[in-house]
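What follows is one structure encoded as structure tokens, with my remarks underneath.
Throughout, read-outs are computed from the coordinates displayed, never taken from laboratory work. Bear in mind that the values here come from a model prediction, so they are computed numbers and not experimental data. For neighbour counting, all protein chains shown are included, and Cβ atoms are generated from backbone atoms with ideal geometry for every residue, glycine included.
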Amino acid sequence: MSEFIITADSTVDLPKEYLADKNIPIMALTYILDGVTYEDGNGLTGKEFYDKIREGAMPTTSQINPEQARDAFEVFLKEGKDVLHIAFTSGLSGSYNSARIAAEELAEEYPERKIVVVDSLCAAMGEGMLLYKAVELKEQGKSFDEIVEWVENNKLHICHDVTVDDLFHLHRGGRVSKASAIVGSMIKIKPIIHVNDEGKLIVIGKERGRKKSLMTLVDRMEEKMKGFENDIVMIVHGDAPEDAEFVKNEIVKRFGITNIMINCLGSVIGSHTGPGVVSIFYMGERN
């Protein structure tokens, strides 16, 4: 059985310590803020980044290009390793398509190697959870093909339940109308969002008040995870650690799940959600 490596995009938003410990190669998307280009995960700290947005900065982001993906994959192919790449959802970025193009070109040059690029249809720690599970399977001795099959069969069972503190950034990204953003912000409306089966962010509900919106995330989890085993839950936040801890404590109290990974949302996705976003990720029914 050939040796293989699992890689991912920086949008997995998993803690750096985890990625380093598991030796997971990451392809970094980039963002531009105040005229400076940064690599996602290697630029400003979360607090620095979100404080700049609070002060009025408007970052822009760039996807991975085919040349970047080709260079990243070829390193391992030359070492005689197969490559499984878990890509940021095609519903929000062209990074998956860039990686797919690179893989197709390299497959002709390295016909003896396997190069599989998975469109995760997931974002942030949803994509991260898919990676986490794939790494677990590898550590259990599962084969390359078995892991690819599991990822493809389960990626639509990675649930993303999201709320944001301010509708303005969703309006910038075309997720809500200008009128909804203005009125919603005035009356403290907090949208409830999920990632649908096309890997796109969809507003599916609204709550009045921050605490109510956070509780709704946990309520949805209670319903959607029935019949699924969750040995880990992930929570990401846009420089809102107290709210993330509040959600964590509710999950522990209601479901007895104690293995909960929390991390600050990376700058690329955070550019489109703004500060204050909180999202939970777990295995369950998507819709």
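Some points to look at:
- Residue satisfying condition, being touching a Cys at 6+ places or on another chain (Cβ under 9 Å) and hydroxyl-bearing (Ser, Thr, Tyr), within set Thr89, Thr61: Thr89
- Scan of segment 236-259 for residues that are buried (at least 19 other Cβ atoms within 10 Å of the Cβ), closer than 18 Å to Val12 by Cβ and out of contact with any Ser or Thr (no Cβ under 7 Å at 6 or more places or on another chain), ordered by number: His237, Ala244
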